[in-house]
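Written below as structure tokens is the structure these notes are about.
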């Protein structure tokens, strides 16, 4: 892919910020810092949701140990219900499932999530490739999200 085509494709997504980045590069200024900078499990999840990046994390459930394990998926939002904070995620094959009904929509208690890792997907030009919103997300529109895609 030519440099011109790559720049044009990036400008189609968010013309204002990408145009500013191209001008900074032409002037020889420092590149834009990494957008995924938040720390802590909740901060990393917020970054992943905002920039639509896949995540992996460890889910622990002391009440039912067989439901514990590593989860992979596309986080779509964090919401509160009855005083508890949940993560809404479209899980992908490779996650642990007692029922074997993957992929699909799952909710996870945020207090049981640990070791969050953002699985970056970069474009050939160095930008972040965003995932597409998973099918069926519209049915969750009545949830009161703290943050969402």
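Just so you know, all these numbers are worked out from the coordinates, no wet-lab data involved. What you are looking at is a predicted structure, and each value in this text was computed from that prediction instead of being measured. Note that each Cβ is placed from the backbone with ideal geometry, even for glycine, and that neighbours are counted across all protein chains shown.
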With N denoting the number of residues in the stretch 40-148, provide Rg(C-alpha) divided by 2.2 N^0.38 Å, to two decimal places. 1.04
Listed peptides 109-115, 59-65 by packing density, highest first (mean Cβ within 10 Å): 109-115, 59-65
How much length would be gained if the chain were fully extended between residue 56 and residue 145, taking 0.36 nm per residue of separation minus their Cα-Cα distance, in nm to one decimal? 30.0 nm
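For a Förster distance of 35 Å, can you work out the FRET efficiency between the beta-carbons of residue 115 and residue 22, rounded to the nearest 0.05? Mind showing how you got there, number by number?
Values: r = 37 Å, r/R0 = 1.05.
With a Förster radius of 35 Å, E is 0.45.
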